[in-house]
1. Where both partners of a DSSP beta bridge lie in region A:1-86, what percent of those bridges are antiparallel, to the nearest 5?
2. Among B:Val43, B:Val70, B:Val235, which one shows the biggest mean-square fluctuation in a GNM of chain B, springs joining Cα atoms closer than 10 Å?
3. In the neighborhood of B:Leu212, defined by Cβ-to-Cβ distances under 15 Å, what is the net charge if each Lys or Arg adds +1 and each Asp or Glu adds -1?
4. In the P(r) worked out for region B:108-258, what percent of Cα pairs fall beyond 27 Å?
5. Any idea what Rg and Dmax come out to for region A:183-302 if you just take the C-alpha atoms, in Å?
6. Semi-axes of the equivalent ellipsoid for the protein assembly as shown, please: Cα gyration tensor eigenvalues, times 5, square-rooted, ordered largest first, whole Å.
7. Taking only the alpha carbons of region A:130-178, what extent do you get along each of the three principal axes, in Å, biggest first?
8. Apply 1/(1 + (r/R0)^6) to the Cβ-Cβ distance of A:Lys303 and B:Arg16, taking R0 = 45 Å, and write down the FRET efficiency to the nearest 0.05.
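Computed from the coordinates by the stated procedures, all read-outs in this text should not be read as laboratory data. All figures in this text were calculated on a predicted structure; none of them were measured in a lab. Neighbour counts run over all protein chains shown; Cβ positions are idealised from the backbone, glycine included.
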Amino acid sequence: MKTLLIGEFREGKLLDSTYELFGFAGQAADEPVMFMVGSETQLPSFGGRLYLADAAACGEYNPDLHKQLILNVVQKENPDRIVFVHSSYGWDLAPRVAVALKAAQVSEVVAIQEGGFEVGCCNGKMRRIVKPSTPQTVITIQAGAFQGVQPGGTPQVTRLAAPGGGTMEFVGYEPAEEKGVDLAKAEVIVSAGRGVGKKDNVAIIAALAKALGGELGASRPVVDAEWVAHDHQVGTTGQTVSPKLYVACGISGAIQHLAGMKKSDFILAINKDKDAPIGEVADVLVVADVMQFVPALTAKLAK
Amino acid sequence: MKILVCIKQVPDLESRFKPNASNTWFDEADLAYRMNEYDEYAVEQAVQLREECGDSSDLTVLSIGPDRVVEAIKKALAMGCDRAVHIQDQAVSSRDPWQIASIISAYAREHKFDLIFTGMQSQDRGSAQVGAMLAELLGVSCATTVVGFSCKDNVVTAKRELEGGVKGVMRMKTPALVTCQLGLNIPRYPTLPNIMKAKKKEIIALPVADLLKEESLAKTTSFHPPAKKGGGLLVEGDIADQVDKVLALLKEKTAVLR
Ligand SMILES: Cc1cc2nc3c(=O)[nH]c(=O)nc-3n(C[C@H](O)[C@H](O)[C@H](O)COP(=O)(O)OP(=O)(O)OC[C@H]3O[C@@H](n4cnc5c(N)ncnc54)[C@H](O)[C@@H]3O)c2cc1C
Ligand SMILES: Nc1ncnc2c1ncn2[C@@H]1O[C@H](COP(=O)(O)O)[C@@H](O)[C@H]1O
């Protein structure tokens, strides 16, 4: 099958996640062609055809315009699949392209299965197989699900002119907040999730962190609810950590949280739900009420 | 300003999910339902905008689903929406995002909303498709994954959340649609007086057949738990025993306890 891969470029750089698209194409045994709004100076290491629009002329984020460019390439190449990374760029653009082509869209694919694509659902607790019934399919792949592959070589570049127009104006980027705590340096991180129940209970999690000589981490809802400051957040939109010990207290294990901590040497999870997806990465899953188990563990450590 | 907010009712995600008879979705028996978390941020933002614009504005909440979704609708009304549209659909869980977006667009096209709010994704399906598809079908501007929002003189300024905590700021004219991300605001709790007031608000019921004109483009062929990777050790039982077991494991397997 012929697959149009949509590369990603941000703040002047080709993003590494672009290579995961080749990982998908490799597994699917597809013939890849790439489209990207990017720069001549940042070509992917790939010997096939690359349709390139200049980011300086088109803007790095201008979905109306990028959609139009993709549709032009689709017309020329007639691919069976159009594949994006499931990222803030991909999930924004993919549905627009899918509707314009009236093609089925399958989001956040984790594996290619006979008869369709496997995707997560119910916050990562369950899986579905989705089968498109249209001749063309738009796909977004889960970040990290397909190993990145650098095919090597220099692309044959077809330059695309900026179509102009578009109804959105990109104002600019805002850098990530300054980090007060550098969790990346911590040897032990004890993180509070929504399962701790309320803001007052965070102190109990912090006490375990202290008893273990580590830092306090947090999942996103705990930060959004202002129970813990943002610079303690672990995950795709927080910090990426790999301590010797990571303790997840009342954290379900959503993919965006796992992305930030799954490389930890040893993962201890405390959850009252033994089916919580955190169990997939945890070395030890304690099935208990976090407010009973954590103080008991802290007390025993103090002895 | 005419405003629409689209909400989905989803099961409590701490539930145990069992496949239904056709093995295409979960069995609905014994599940408790709530408003999709992302949609709570959407409702809050819509209500804030409604309050800013005052009496000249009107805020409709819309949900597609069986009778149970009226619970979620009532919560949105108690948070401050003016009226509700319940699109009655017993088979909502078999619809693909394309059909859901088509149904909403059939309703919205007639009513010409200036601003539409949706969640960034639903927690059970998690497709992150309906919002952007709806905007595309209506031909309006759209910003997804929004963590900052303002609207002045018919110009929306939206802050999109990108990876690693970086944000992208963009502007667009109304009519427009935004999909709301976690942390956009702090959703209010409905107060008792507002819950009482909401009881008098209008809920318009429409059969889905009046609005659904499209076939699905994709089908679910299987619903199952992920293949267990194994490895992890499950520690169950009495708290004191669990503590002892965990301490022994930490001493044996990590270098952090001496
Ligand atoms: C684009 C995007 C980016 C995101 N970025 C991040 C990110 O960087 N970091 C992040 O963490 N999330 C992020 N998220 C959110 C993520 O999808 C999840 O919503 C979030 O991680 C869930 O946090 P949680 O596990 O604390 O809460 P929940 O998912 O609500 O889980 C709570 C858990 O606690 C358990 N529990 C409840 N009560 C108890 C008790 N008494 N004792 C023991 N266990 C209990 C429950 O069984 C459940 O497993 C992002 C989402 C999106 C869409
Ligand atoms: N059944 C529904 N009724 C109303 N709005 C919905 C429905 N399903 C999805 N939506 C909206 O579309 C958003 C994205 O859903 P999804 O594409 O399923 O991830 C949700 O956050 C809702 O705002």
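1. Rounded to the nearest five, the antiparallel share is 15 percent.
2. With Cα springs under 10 Å in chain B, the top fluctuation among B:Val43, B:Val70, B:Val235 is at B:Val235.
3. -3
4. Every Cα pair in region B:108-258 considered, those over 27 Å come to 55 percent.
5. Values for region A:183-302 (Cα only, Rg and Dmax): 12.4, 34 Å.
6. The answer is 36, 31, 23 Å, longest axis first.
7. Ordered largest first, region A:130-178 gives principal extents of 37, 37, 33 Å.
8. Working: r = 37 Å, r/R0 = 0.82.
E between A:Lys303 and B:Arg16, to the nearest 0.05, is 0.75.
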